[in-house]
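J.: Take this structure first; my questions come after.
The values are calculated or read from the model by the stated rules, or taken from the named source; none is laboratory data. Just so it is clear, the model here is predicted, and its values are computed rather than measured. Cβ sites come from the backbone with ideal geometry, for glycine too, and all protein chains shown count toward neighbours. Accessible surface areas use protein heavy atoms only, side chains included; no ligands, DNA or RNA. Shrake-Rupley method; radii C 1.70, N 1.55, O 1.52, S 1.80 Å.
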Amino acid sequence: MKKSRRILSAALLSLALLTSAATALGAEADYGAPAAKADLSLTLEEMLTYSIQDEYLAEAEYVKILAEFGQVRPFSNIVMAEGRHIAMLEPLFASYGFTVPVNEAAGRIELPETLVESYQAGVTAEILNIEMYDRFLKETLPEDVRLVFERLKAASENHLAAFERAVQRSDGSLQPGRQPRSGQGAPGQGSAPGPSGGFQRGAGRGAGRGMGQRVNRCN
């Protein structure tokens, strides 16, 4: 009976963390990876728009987590990678005559309640991001766009592994209650849980239908 209760408690905690992760990352159906998933007919402009929106969201979320919990890894490494991902996408808009979407991600972010939930939010974000690029890579794409999408997918796979390690290492050492804020002796401020590894996601659709033809270092 006790064992069954422990299993049930663990299952309920996992469900709560996943629900919190999806909410925290602004998983709205009109922006980023969730919008791409709901779009049944993709144009090149839409794919580029969803991609950069998702990278905007990741960067905004991880910046907010670092401001709340301090310079914890892997967020401190991965947030820099997200900036590089945005920079990789921006020239593609110019190459194909599209306008780079305004970065509205900060207005869609809800901060996770705890550091553990933040790690789980990272896991959820990277899974959605990888699924998005998997789908895009099945489309007919210009070679330069395909190359960037492949690199971004590979980076997200590295990020996912880093967040999964952080979740595993926090099990039993970080409680599901709220952690102290930066400057208040928060766990992980001086000793970050998990090594850095290679490492979602604002308002409006971004790109509508018919818009045309869309070392321990993080990538």
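J.: How many nm is it between the label spots at GLU110 and LEU141, if each spot is 7 Å from the Cα in line with the beta carbon?
T.: Distance between the two pseudo-spin positions: 3.1 nm.
J.: Distance in nm between label sites at ALA87 and VAL102, each 7 Å beyond Cα in the beta-carbon direction?
T.: Computed distance between label sites ALA87 and VAL102 equals 2.5 nm.
J.: Can I ask one more? Given N residues in segment 50-135, what is Rg(Cα) / (2.2 N^0.38 Å)?
T.: Here the answer is 1.12, to two decimals.
J.: With label points built 7 Å along Cα→Cβ from the Cα atoms of LYS37 and GLN168, find their separation and express it in nm.
T.: Going from the LYS37 label point to the GLN168 one covers 2.4 nm.
J.: When the solvent-accessible surface of protein heavy atoms is calculated with a 1.4 angstrom probe, in what order do LYS37, LYS138 fall, highest first?
T.: Largest accessible area first, the list is LYS138, LYS37.
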